[in-house]
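The next block holds one structure in the form of structure tokens; read it before the comments.
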Amino acid sequence: MSTTPDNTPDTQAASDASVAAFVSPLLSWPGAVNEGGADAGIPAHYGAPLREGRALADGQAFVDLSTWGVVTMTGPDRLRLLHSLSSQGLDRLAEQTPTRTLFLDLQGRIEFDARVIDDGTTSFLIVEPHRAGALAAWLDSMRFMMRVEVADATQQWAVAGSNAEWTLDGADLGPRWVDPWPQVQPGGYPYSVVEEHPGAENDWRLDLIPRDQWEQVAKRLVAEAGLSPAGLMAAEQLRVAAWEPSQAHEMDHKSIPHELDLLRTAVHMNKGCYKGQETVARVHNLGHPPRRLVFLDLDGMEHTVPSPGAPILADGRTIGSVTSAVLHHEAGPIALAVIRRNVDPSLTLVVQDGDTSYAAAQTTIVAPDAGSVVGRPQGIRRL
């Protein structure tokens, strides 16, 4: 049996098939504009992305994330299997307790980033678009003699995101996952150096809704909960402003958790052996991650934002690239980027997107000296 998640093009294509035929019914709502790329099939916005972003931040809107995938695991050994394979401590995960975990390769590089919640009989793993099939296939291959059943349940469950504490009387809904970001979870370790993390302003949650009931539930959210629909562009405004990494944008085939400050929420530093654990421990205790996540305030003179992948220059040298860029409803043009670890945090950088240049002031997320904690004074922890 394979011990590495199969992310070959054929496997990814099979995963894509789970949602490829799905087009959100909300695309027929007034003003809805189709999102592109991996999220094609859901609304990017409804005509006013900045207003939608403000409403979403204020807990007055919801966003359709029904291109996201859902993997379910049942059976008495499900949490023991997840605990043995992933970066988070999951063997004693309490019912309805949301968490986040990573599945790594032998070199500690991120293969899958999953939001996890268990309702007492089923573990739900929520993943970004077109990853559920590959994750389900790999987990199924790793069951061996354990009493676990694994399924790609993307066709059964749609995902909705919001900052709102809403309820609908009589609705038969799935569990609600409340984002632990940016709180440091048990066994976690923060690499950010700020005292007040901007992600603390959000109360982000994902609700699982039977896919065949999604439009009916969405209409009730408007009529009964008083929420308005917002597009994916609104959700991206909140995510980028919260410095929260996304697998689709901030992670590539070389990404390790340290570079993205994911040790705070998705890694338990005191748990036993799992694939990639040696790299996680070695970099944290003795080394430094080769790259680091950074937040950029962009020059707004162009009234645009750079494309993902746009190179970032320091003193004329390419030192990284933009991973996500949005026009925020309050902050204007902002971005997340992954750059070389040793870039001076005081430098003003330049993003070069074709013929357009953007001056970019950096805010440190992962510090240049992050890691190498062995020998540092005890009892001192970055906040």
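Couple of notes before you dig in:
- In this entry, Thr265 is excluded by the filter for residues that are crowded, with 19+ Cβ neighbours inside 10 Å, part of a helix (DSSP H, G or I) and polar (S, T, N, Q).
- Given (1) without any contact (Cβ under 8 Å) to a residue 24 or more places away in the chain; (2) at positive phi, index of the condition Asp261 fails: (1)
- Count of residues meeting criterion [in contact with a Gly (Cβ under 9 Å, 6 or more places away or on another chain), within 30 Å of Leu232 (Cα to Cα) and assigned to a loop (DSSP other than H, G, I, E, B)] in region 69-104: 4
- Leu293, sole failed condition from (1) closer than 18 Å to Ala331 by Cβ; (2) over 21 Å from the mean Cα position of the chain (by Cα): (2)
- Reported count of residues in region 329-371, each being open to solvent by less than 20 Å² (accessible area, probe 1.4 Å) and in a strand (DSSP E or B), is 12.
- Look at (1) open to solvent by less than 10 Å² (accessible area, probe 1.4 Å); (2) over 18 Å from Asn270 (Cβ atoms); (3) in contact with a His (Cβ under 8 Å, 6 or more places away or on another chain) and you find that Leu90 fails only one, number (2).
- Gly199, sole failed condition from (1) in a loop (DSSP other than H, G, I, E, B); (2) free of Cβ contacts under 8 Å to residues at least 60 places away in the same chain: (1)
- Candidate set from region 138-164 (those that are surrounded by 23 or more Cβ atoms within 10 Å (Cβ to Cβ) and β-branched (Val, Ile, Thr)); member that is farthest from Thr121 (Cα to Cα): Val159
- Any hit, region 154-164, residues being part of a loop (DSSP other than H, G, I, E, B) and without any contact (Cβ under 8 Å) to a residue 12 or more places away in the chain: no
Residues checked against (1) surrounded by fewer than 22 Cβ atoms within 10 Å (Cβ to Cβ); (2) in contact with an Asp or Glu (Cβ under 8 Å, 6 or more places away or on another chain):
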residue: Met73; (1), (2): no, yes
residue: His83; (1), (2): yes, yes
residue: Leu102; (1), (2): no, yes
residue: Ile126; (1), (2): no, no
residue: Pro129; (1), (2): no, yes
residue: Trp166; (1), (2): yes, no
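- Taking every residue in region 174-196 that is under 15 Å from Arg100 (Cα atoms) and touching a residue at least 60 places away in the same chain (Cβ under 8 Å) and pairing it with any residue that is open to solvent by 40 Å² or more (accessible area, probe 1.4 Å) and of a type in the set (A, V, I, L, M, F, W, C), at least 6 positions away or on another chain, the pairs with Cβ-Cβ distances below 6 Å are Asp179/Trp204; Gly187/Met269; Tyr189/Met269; Pro190/Val184.
The values are calculated or read from the model by the stated rules, or taken from the named source; none is laboratory data. Treat the numbers as computed from the prediction; the structure is a model and nothing was measured. For neighbour counting, all protein chains shown are included, and Cβ atoms are generated from backbone atoms with ideal geometry for every residue, glycine included. Each accessible area value is taken on the protein alone, full model and side chains, heavy atoms only, with ligands, DNA and RNA left out. Shrake-Rupley method; radii C 1.70, N 1.55, O 1.52, S 1.80 Å.
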